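Read through the structure below, which is laid out as structure tokens, and then see the notes.
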Amino acid sequence: MQRYFVEPGQMSGDAVVLLGEDARHLATVMRSKPGDEIIACDGSGRDCLAEIVNIENGRIEARVLRELASASEMAWRVTVAQSLPKGDKLETVIQKGTEAGAAAFLPFVSKRTVVQYDERKEAKRLERWRKIAKEAAEQAHRSVVPEVAQVAGWKALLGRMADFDLALLCYEEEGRRGAGLRPVLARFGSSLPEGREGAPRLLVIVGPEGGFDEDEARQAEAAGAVCVGLGRRILRTETAALMALAAIGYESGEMGEARHV
């Protein structure tokens, strides 16, 4: 069944309205008609089953049949901070990271970032990144569209680490020394108090193609991050976040009975 994210103002207690590209897709590509059912989501966790009642002039109106339980989000809320990679690699990180359960993405610029950041192109790129997140969330049957933030500088990223319960810097030197992600996640999970309200907030920080230098690793540690390795192999920058998300998903119970929630 087709799933669509709509703006909160397009979904009331008993009605849903689809506009623009979503309405065109449903009407022309899916050839939907009155009486067909869809799943509508407000992007903040509310999902409902709705029946189309009217299709007219790029606007689709539907009535809410019933609320649906939302059970597709990770127990731990993970933000992926990705240093800008070359080409369209960030699009891959956002698409696959959304499928893997990331709650948000924070692109940033670090010392070894090769991409020349151009503020004039920022709005267009950000719009595309957010569209990719929305489409991936629909495909993966997510209840929440991950936020994609504006590109930040390294100092700004350091300043945001205090907003998270655990910040992890993916650093290949730690992998060579055998200091892996798993024990850090296990200690973090076991430290969570029973009955805690709200999902734990984690930040996963991934460097560009050349990785982080030692000064950046030390700066991140001073700001509260834990440097971790993702195994003994060298990963591409677009692979690292997905490895971390898989490990976090496993430790938080994504693959079976929850261990730490």
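The values are calculated or read from the model by the stated rules, or taken from the named source; none is laboratory data. As the structure is a computational prediction, the values presented were derived from the model and not from experiment. No Cβ is skipped: glycine too gets one built from the backbone with ideal geometry, and neighbour counts run over all protein chains shown.
If the condition is being assigned to a loop (DSSP other than H, G, I, E, B) and either under 8 Å from Gln2 (Cβ atoms) or at pLDDT 90 or above (or both), then the range 33-43 contributes Lys33, Pro34, Gly35, Asp36.
Somewhere in the range 193-200, is a residue touching a Phe, Trp or Tyr at 6+ places or on another chain (Cβ under 8 Å), in the same structural domain as Phe164 (by TED's automatic domain parsing) and not in a strand (DSSP E or B)? Step through it out loud before you land on a result.
We begin by selecting, within the range 193-200, every residue touching a Phe, Trp or Tyr at 6+ places or on another chain (Cβ under 8 Å); these are 199-200.
If we keep only those that are in the same structural domain as Phe164 (by TED's automatic domain parsing) as well, we get 199-200.
The next check asks that each one be not in a strand (DSSP E or B); those that pass are 199-200.
Within the range 193-200 (the criterion being touching a Phe, Trp or Tyr at 6+ places or on another chain (Cβ under 8 Å), in the same structural domain as Phe164 (by TED's automatic domain parsing) and not in a strand (DSSP E or B)), the answer is yes, since at least one residue qualifies.
Only a single criterion out of (1) in the same structural domain as Ala225 (by TED's automatic domain parsing); (2) surrounded by 18 or more Cβ atoms within 10 Å (Cβ to Cβ); (3) part of a loop (DSSP other than H, G, I, E, B); (4) out of contact with any Ser or Thr (no Cβ under 7 Å at 6 or more places or on another chain) is not satisfied by Pro85, namely (4). The C-beta contact set for the range 49-76 (first residue outside any strand (DSSP E or B), second residue basic (Lys, Arg), distance under 6 angstrom, 6+ apart or interchain) comprises Ser72/Arg142. Exposed (fewer than 14 other Cβ atoms within 10 Å of the Cβ) and either under 22 Å from Ser110 (Cβ atoms) or not aromatic (Phe, Trp, Tyr) (or both): is that true of Glu194 in this structure? Yes, satisfied. Can you tell me which residue is nearest to the chain's Cα centre (by Cα) among those in the range 230-248 that are surrounded by fewer than 18 Cβ atoms within 10 Å (Cβ to Cβ) and not β-branched (Val, Ile, Thr)? This residue is Ala246.
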